[in-house]
């Protein structure tokens, strides 16, 4: 079970004053959107940047070198982060909380660079896809995928190549000494990403943010027979909960069978226990 928080940008008050001095793993570099989400959820944690998402889970569950992890789970324009749903099921973790960030995109360059000097723009593939209008207006620019938005800023500043630019959020510019050349180049300003705060089950009680849990994320499988999914959803509806999200993912090694992920919002925490018992 978790609590949630909404956020319109990066300059937001953190959700809990009680969670401090923790090590948090994120996918990406300092100055990324995941870093901003971690600050919103945790204040000023010690950030451990990971190149790929599987490394985030390894740091949390197997290596145990961090206390929590912060990962994006869904974007309002791009949709679900399918890989993260699969990793959630594969590893023994719990969702403590979630937050939502608006994601603006800035064109960041080596200081002093003019737009006419740029030939190549680096960023995460999702960020590039959310700036299609910008690239259509500037056909001389080539979009180049990179592993992370903030990482792309770090790279162009390190190499000092004025023919390259990066697309990232505003904090990435001062983090690495870049200059924001153009602001808000995203196609749609209604661009939000939802992030999960994850922990090991045995640490959940001590790390859970203050407040009454009001949401649950659960995964389940059902028999292949007519009406089985409807029956499962009806059991949730009987508890007067709000189904805010449903997602299906293939079961590895079992073709055409699926795991269903649902997010449920409720006003009475006891409803979560009743739903789990009913589904079992």
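What follows is calculated from the coordinates using simple rules that are stated; it is not laboratory data. Everything numeric here is computed off the predicted structure, so don't read it as measured data. With ideal geometry, Cβ positions are generated from the backbone for all residues, glycine too; neighbour counts draw on all protein chains shown.
Neighbour counts of other Cβ atoms within 10 Å put 81, 66, 268, 212 in the fewest-to-most order 212, 268, 81, 66.
Between 197, 87, 96, the residue with the greatest mean-square fluctuation in the GNM of the chain (Cα pairs under 10 Å linked by springs) is 87.
Tell me the angle of helix 149-159 to the major Cα principal axis of the chain, expressed in degrees between 0 and 90 and rounded to the nearest ten. Relative to the chain, helix 149-159 is tipped by roughly 30 degrees. Across the range 66-80, no residue has a backbone nitrogen under 16 Å from the label position 7 Å along the beta-carbon direction of residue 51.
Residues 270, 86, ranked from the fewest to the most other C-beta atoms within 10 Å, line up as 270, 86.
Comparing 219, 165, 150 in a Gaussian network model of the chain where C-alpha atoms under 10 Å apart are linked, the largest mean-square fluctuation is found at 219. Rg then Dmax, both in Å and based on the Cα atoms of the chain: 20.3, 64. Potential lengthening of the chain between residue 219 and residue 265 amounts to 15.1 nm, from the contour at 0.36 nm per residue minus the alpha-carbon distance. Here the simple spin-label model places points 7 Å from the Cα toward Cβ, and for residue 243 and residue 89 these points are separated by 1.7 nm.
Which angle from 0 to 90°, rounded to the nearest 10, does the C-alpha axis of helix 33-42 make with the longest principal axis of the chain? Once rounded, the angle reads 50 degrees. Taking every DSSP bridge with both residues inside the chain, close to 70 percent are antiparallel. For the residues 227, 49, 79, a GNM of the chain with alpha-carbon springs under 10 Å puts the largest fluctuation on 227.
Ranking of 205, 215 by neighbouring Cβ atoms within 10 Å, starting from the fewest: 205, 215. Residue ranges 29-38, 243-252 sort as 29-38, 243-252 when ordered by packing (mean number of other C-beta atoms within 10 Å per residue, highest first).
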